[in-house]
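As structure tokens, the structure follows; a few thoughts come after it.
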Amino acid sequence: MQRTVTVIRGIKGIKDITPEQMPKWSVVEQTAHALAHSFGFHEIRIPVFEKTELYVHGIGGATDIVEKEMYTFPDKDGTSLTLRPEGTAGVVRAFIERGLKTYQPSRKLYYIGPMFRHERPQAGRLRQFHQFGVEFVGSVEPSADVEVITLLWRFFSALRLPGLSLELNSLGVLMDRQTYKKDLVAFLKTKEDLLCENCRRRVDANPLRALDCKVPRCREATTEAPYLTDFLSPSSKEHFDRVLQGLQALAIPYSINPRLVRGLDYYSMTTFEVSCSALGAQNAIGAGGRYDDLFETLGGTPTPAVGFAIGLDRVILALPEATLPAREPWIFVASFGEKGRPAGLSLLDSLRSKHVKADTDYNASTLKTLLRSADRLGAPYVVILGDDEVTNNQVILRNMATKEQENYPLDVASSAILSRLRFQQTRRNIN
RNA sequence: GUGGGUGUAGCUCAGUUGGUUAGAGCGCCGGAUUGUGGAUCCGGAGGUCGCGGGUUCAAUUCCCGUCACUCACCCCA
């Protein structure tokens, strides 16, 4: 018989998170939840797909994301739908749809979930990736910017990520950018023959991006380009200064990068990005900024807001082993024989009902194979329960590391084991 | 979308100027040890050499194509 069915593989750039990787994800997600809560943010779960127009209008039609990276498909009735490439547009849509006023307590929202972009995969870049993002809605105060950036920074600190740096810039308000753009374009035109092909196109399409180009010759050509920060209106400038002061007061280290330009159209005023030197080329690990015009763009009443998004897959890549918590103790039940087996099954159930993690291996039937299973599963304790034990109304509790064994009466075994584990636990905590 | 690298056992990789039954380590299964795991020793199973075509008496090896994985560019988290 020849096997003709081909194995169905997963989709390119879309990965499983295996049980081995889950402890890291749990730590990261729990940290996100706990920290967001402590800052007064409320979780929101928005759909993973929306009408395509939401992203086109929200993110900007000329951005790479909208132009070539979206998973877009027609619904049965022809409506164009898109898997969300980022979270902010969806949150803002939900916010507007529900009405800001009746949504009072949740002016500070956060989300965790998968995003989708059709890019060529590489280290730290997937087609389905995961973001933790927050949106602080309804405040123009620089303190709101500071709070969001603080949360961003504290999140990475809590996870002890190495090699972090925070960069800030201010894009000013639309007016500032318009006057600046004129100057910048004029400057770029004088250097046009020095720029790369890409940047030459950018001069007209999106001149700000030319400053962000990584081609060395372009960097050189634009070293004397006018700085956007010099074109900020007095109020924009003051806002930025107060953000910087706020960060200094909280001892959050940053540097100002006048070339920092975000890839989404909706940003204004403060923008920021955290990169991690422990990663490869894709080292932007979290970024965000203010987007005071987005609500209006999406048909809502003008509402200021500031937020960030963190790439959790990249966080996982940079996460040091030391951040993982100690494993909880648990019991492997090694029961065998005609009488031992059923006694073991009820002991398993009894332990579990007392919230003691307990497991066994139904495929192993001899003490030898059971112990080997326990060893492979990394069980710290094994309960040995054979026919002899049942006859004598006892169980053996074996410490796998020390090989010490203790006997307990079978009929009270689960509670005896529970208190034994508690004793071990508290002793460990004291030490 | 563009470029580079790599596809040989479950995993990490060797592989002879192209030549008979393609190897190692780790892992897995069994035994030494029929109520005590890890260690040691002994034995065993497991491979369309990514796929398709070409050159050749002969291809894992050379050529072409293709697919997959991967890194980088672009861009982004």
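The values are calculated or read from the model by the stated rules, or taken from the named source; none is laboratory data. This one's a predicted model, so the numbers in the text were calculated from it and none came from an experiment. All Cβ positions, glycine included, derive from the backbone under ideal geometry; neighbour counts span all protein chains shown.
Scan the range A:153-178 for residues that are outside any strand (DSSP E or B) and within 30 Å of A:Asp204 (Cβ to Cβ) and the total you get is 8.
Within the range A:110-149, the set of residues being within 21 Å of A:Phe295 (Cβ to Cβ) and acidic (Asp, Glu) comprises A:Glu135, A:Glu141, A:Asp145, A:Glu147. For A:Phe49, the criteria (1) within 15 Å of RNA strand B (Cβ to nearest atom); (2) in contact (Cβ under 8 Å) with a residue 12 or more places away in the chain hold in every case but one, which is (1). Annotation note: Cβ proximity below 6 Å between a residue of the range A:376-391 that is closer than 19 Å to A:Arg420 by Cβ and a residue that is in a helix (DSSP H, G or I) (sequence gap 6+ or interchain) occurs for A:Val382/A:Ala374; A:Leu385/A:Gly340; A:Leu385/A:Ala343; A:Leu385/A:Gly344. Checked against (1) more than 16 Å from RNA strand B (Cβ to nearest atom); (2) among the hydroxyl-bearing types (Ser, Thr, Tyr); (3) surrounded by fewer than 20 Cβ atoms within 10 Å (Cβ to Cβ), A:Tyr362 passes all but condition (1).
Condition test on A:Ile417, is it among the β-branched types (Val, Ile, Thr) and under 39 Å from the mean Cα position of the chain (by Cα)? So that I can check it myself, show each step before the final result.
On the way: among the β-branched types (Val, Ile, Thr): yes; under 39 Å from the mean Cα position of the chain (by Cα): yes.
Here the answer is yes, as A:Ile417 does meet what is asked.
When we screen A:Leu151, A:Leu109, A:Leu126 for residues that are away from RNA strand B (no atom under 16 Å from the Cβ), among the aliphatic types (A, V, I, L, M) and in contact (Cβ under 8 Å) with a residue 40 or more places away in the chain, the only hit is A:Leu109. Taking the criterion of being near RNA strand B (Cβ under 6 Å from one of its atoms) and polar (S, T, N, Q), the only residue of the range A:262-314 that qualifies is A:Gln282. None of A:Leu418, A:Leu371 is at pLDDT below 95 and under 15 Å from A:Ser335 (Cβ atoms) except A:Leu371. Note on the range A:232-342: enclosed strands (runs of 3 or more DSSP E) holding 1 or more residues that are surrounded by fewer than 19 Cβ atoms within 10 Å (Cβ to Cβ) and in contact (Cβ under 8 Å) with a residue 60 or more places away in the chain are A:268-276. Only a single item in (1) farther than 18 Å from A:Ile256 by Cα; (2) without any contact (Cβ under 8 Å) to a residue 40 or more places away in the chain; (3) aromatic (Phe, Trp, Tyr) is not met by A:Tyr227, and it is number (1).
Filtering the range A:293-329 down to residues that are acidic (Asp, Glu) and touching a Phe, Trp or Tyr at 6+ places or on another chain (Cβ under 9 Å), which residue is nearest to A:Ser165 (Cα to Cα)? So that I can check it myself, show each step before the final result.
First pass over the range A:293-329, keeping only residues acidic (Asp, Glu): A:293, A:296, A:313, A:321, A:328.
Those left that are additionally touching a Phe, Trp or Tyr at 6+ places or on another chain (Cβ under 9 Å): A:293, A:313.
Numbers: A:Asp293: 28, A:Asp313: 18 Å.
Checked the range A:293-329; the qualifying residue nearest to A:Ser165 (Cα to Cα) is A:Asp313.
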